Amino acid sequence: MTPVSASLRPVRVTRRAVYGLFRGAGFPMKLYPRLKFRMCPILRIEAYVPDGCDILDLGCGNGLFTAILKLGSPDRKIIGIDLDARKITAARRFLGKLRGVDFRLGNVVSAPYPKTGACTIIDVLYLLPVETQNAILKKCAGALPSGGTLILKEMDLAPRWKYAWNAVQETISVKIVGFTLGSRFHFRGREDYAATLAGLGFDVEIIPLHRGYAYSHILYVARKK
Ligand SMILES: C[S@@+](CC[C@H](N)C(=O)[O-])C[C@H]1O[C@@H](n2cnc3c(N)ncnc32)[C@H](O)[C@@H]1O
């Protein structure tokens, strides 16, 4: 397993490679990666995930980040879990051809987590109450070995204008368009997440990713002690 470095590796997955996977998909599925790339440096996040280990992608949605993980290191074995049957069906349809990738319909709160080298949670926890978030993080800690990595991407509460803009956009996405399942938002600040992860036995690196974007993206690279 390649350890995560504090310094960022170069981005190695291209947008073009991702678009290629979704060739033949309908309009919404083709649109999603294009929107996500505009709004979030998701390709940069892949560079923090260790190579050559099993990965649990919790709340994988339609499998975009799962696919990016696979493109970044083809020997990764990845299980993607999501609650939304439409998204899992789409992920299986267009990304099911990727070897070593398994999309499962399930609730990450109640689903058992197999032992794994890394867990990734990208833009999911804000949809769940704080106690539920903490229970999921605890399950991740239980599934990871010493040295295992948890990659958590959320929105920070600062810069305030970026956080406010994100709240407007999420309201449209979740409550008006219904693009994502959920009803309330539970955003938390970096001190809160860092303390929670430290309490679960992780060393935490906090990486603000909002530069050049209108959203307060923040990444937590947590390595289990
Ligand atoms: C904003 S989307 C992010 C999807 C994906 N991680 C990405 O970055 O493209 C949030 C996802 O979390 C999923 N989700 C929310 N609560 C969940 C739960 N309890 N169990 C599994 N998935 C959940 C939603 O269905 C949705 O697909």
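Filter the range 33-43 down to the residues that are part of a helix (DSSP H, G or I) and not hydrophobic (A, V, I, L, M, F, W, C), then identify the one that is surrounded by the fewest Cβ atoms within 10 Å (Cβ to Cβ). Here the answer is Arg38. Of everything listed in (1) under 29 Å from Asp54 (Cβ atoms); (2) surrounded by 15 or more Cβ atoms within 10 Å (Cβ to Cβ); (3) modelled with pLDDT of 85 or more, the single unmet condition for Glu131 is (2). Of the numbered criteria (1) closer than 23 Å to Glu170 by Cα; (2) of a type in the set (Ser, Thr, Tyr); (3) surrounded by fewer than 24 Cβ atoms within 10 Å (Cβ to Cβ), the one Tyr48 fails is (1).
Residue count for the range 105-126, restricted to those that are in contact with a strand residue (DSSP E or B) (Cβ under 7 Å, 6 or more places away or on another chain), within 7 Å of the ligand (Cβ to nearest atom) and either more than 23 Å from Arg44 (Cβ to Cβ) or without any contact (Cβ under 8 Å) to a residue 60 or more places away in the chain (or both): 2.
So that you can scan it fast, the table gives a plain yes or no per residue for (1) within 24 Å of Arg104 (Cβ to Cβ); (2) part of a helix (DSSP H, G or I); (3) in contact with a Cys (Cβ under 8 Å, 6 or more places away or on another chain):
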site: Val13; (1), (2), (3): yes, no, no
site: Tyr19; (1), (2), (3): no, yes, no
site: Leu31; (1), (2), (3): no, yes, no
site: Ile45; (1), (2), (3): yes, yes, no
site: Ile55; (1), (2), (3): yes, no, yes
site: Gly61; (1), (2), (3): yes, no, no
site: Leu71; (1), (2), (3): yes, yes, no
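Of Asp75, Asp102, all but one fail to be away from the ligand (no atom under 12 Å from the Cβ), surrounded by fewer than 22 Cβ atoms within 10 Å (Cβ to Cβ) and assigned to a strand (DSSP E or B); the exception is Asp102. Looking across Gly212, Gly142, one residue alone is over 15 Å from the mean Cα position of the chain (by Cα) and part of a loop (DSSP other than H, G, I, E, B). It is Gly212. Just one residue in the set Cys53, Cys119 is modelled with pLDDT of 95 or more and either buried (at least 19 other Cβ atoms within 10 Å of the Cβ) or hydroxyl-bearing (Ser, Thr, Tyr) (or both); that residue is Cys119.
The values are calculated or read from the model by the stated rules, or taken from the named source; none is laboratory data. All figures in this text were calculated on a predicted structure; none of them were measured in a lab. Don't worry about glycine lacking a Cβ; one is built from the backbone with ideal geometry, like all the others, and counts go over all protein chains shown.
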